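Read through the structure below, which is laid out as structure tokens, and then see the notes.
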Amino acid sequence: MPLLEVRNVSKNFKGLSALSNVSVEIQEGEIVGLIGPNGAGKTTLFNVITGFTIPESGQISFKGEDIVGLKPYQICRMGLVRTFQIVKPFLDLTVLENVLAGAYNSASNRKEAVDIALEVLEFAGLADRKNDLAGILTIADLKNLELVRALATKPAICLLDEAMSGLNPKEIDDMLGTIKRVRSSKKVTLFIIEHTMRVIMNVSDHIFVLDHGEGIAKGTPSEVTCHPKVIEAYLGEGAETYL
């Protein structure tokens, strides 16, 4: 049974189709990439999965349970969490306090929440910034904080929305290393939106491709890069250089 299963999901906005009969399965332990042109419906799919948007039709199940219509906090408590392309820290709170907001998702008291928060901060290399206000962090540290706050909820699966956008090559490599350790050390399944093809092609077990709200391809990175519809809609010629 897939950990996360999306079946024939459609979503319209003022008569315009953002998603049309989209289906995708994610197995426990996988890293699955989600790619496509701007406006393809990638973030809308994340919003639908995590309860920020209700689909017009279709089914979404997590751990075998129907989650359509649940609130985002209810879905988070089940173990499905997401980050945002535009980071959303509490700027006037410290790094530790930001992460505590996620840790209380699973902690039963403050001591347990603090222990969880400190552990994930250490894991991601942010422990030395724990007393700094989030508002003074660099974009790279803010992206890291967004991921850490999600990990503090103790998820089974984490949806990452362009976690590496705005980062330089060195920062991308650092974030890529963290993401790989999330899967190997934290045993968290990952579903990743990313435009940095060097990253998504090398970290993903499978890739799902959206274009104009429709799924046009899915498969291994090598299969997707050779798919004529993907080359035409998104990658262009020479896509094999991303592998």
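Only the coordinates and a few stated rules stand behind these numbers; no lab work does. Keep in mind that this is a model prediction, so the values were computed, not measured. As a convention, Cβ positions derive from the backbone with ideal geometry for all residues, glycine included, and neighbour counts pool all protein chains shown.
Observations
- Test: residue in region 108-116 that is hydroxyl-bearing (Ser, Thr, Tyr) and surrounded by 15 or more Cβ atoms within 10 Å (Cβ to Cβ): no
- Residues that are of a type outside the set (Asp, Glu) and under 30 Å from Glu119 (Cα atoms) do occur in region 204-212.
- In the set (1) free of Cβ contacts under 8 Å to residues at least 40 places away in the same chain; (2) closer than 24 Å to Lys88 by Cβ, the condition left unmet by Val203 is number (1).
Every residue, every condition in (1) buried (at least 22 other Cβ atoms within 10 Å of the Cβ); (2) farther than 22 Å from Ala101 by Cα; (3) among the small types (Gly, Ala, Ser); (4) in contact with a Gly (Cβ under 7 Å, 6 or more places away or on another chain), yes or no:
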| position | (1), (2), (3), (4) |
| --- | --- |
| Ala140 | no, no, yes, no |
| Leu145 | yes, no, no, no |
| Val148 | yes, no, no, no |
| Leu151 | yes, no, no, no |
| Asp173 | no, yes, no, no |
| Val182 | yes, no, no, no |
| Leu190 | yes, no, no, no |
| Glu194 | yes, yes, no, yes |
| Val209 | yes, yes, no, yes |
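- In summary, Ala217 fulfils each of the numbered conditions (1) free of Cβ contacts under 8 Å to residues at least 60 places away in the same chain; (2) in a helix (DSSP H, G or I) with the single exception of condition (2).
- For region 106-157, a tally of residues being in contact with a helix residue (DSSP H, G or I) (Cβ under 9 Å, 6 or more places away or on another chain), under 26 Å from Ile193 (Cβ atoms) and not in a helix (DSSP H, G or I) returns 11.
Table: residues versus (1) farther than 25 Å from Pro221 by Cβ; (2) among the aliphatic types (A, V, I, L, M).
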{"residue": "Ala127", "(1), (2)": "yes, yes"}
{"residue": "Leu137", "(1), (2)": "yes, yes"}
{"residue": "Ile157", "(1), (2)": "no, yes"}
{"residue": "Ser184", "(1), (2)": "no, no"}
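- Filter result (among the charged types (D, E, K, R) and either part of a loop (DSSP other than H, G, I, E, B) or on the phi > 0 side of the Ramachandran plot (or both)) within region 1-21: Lys14
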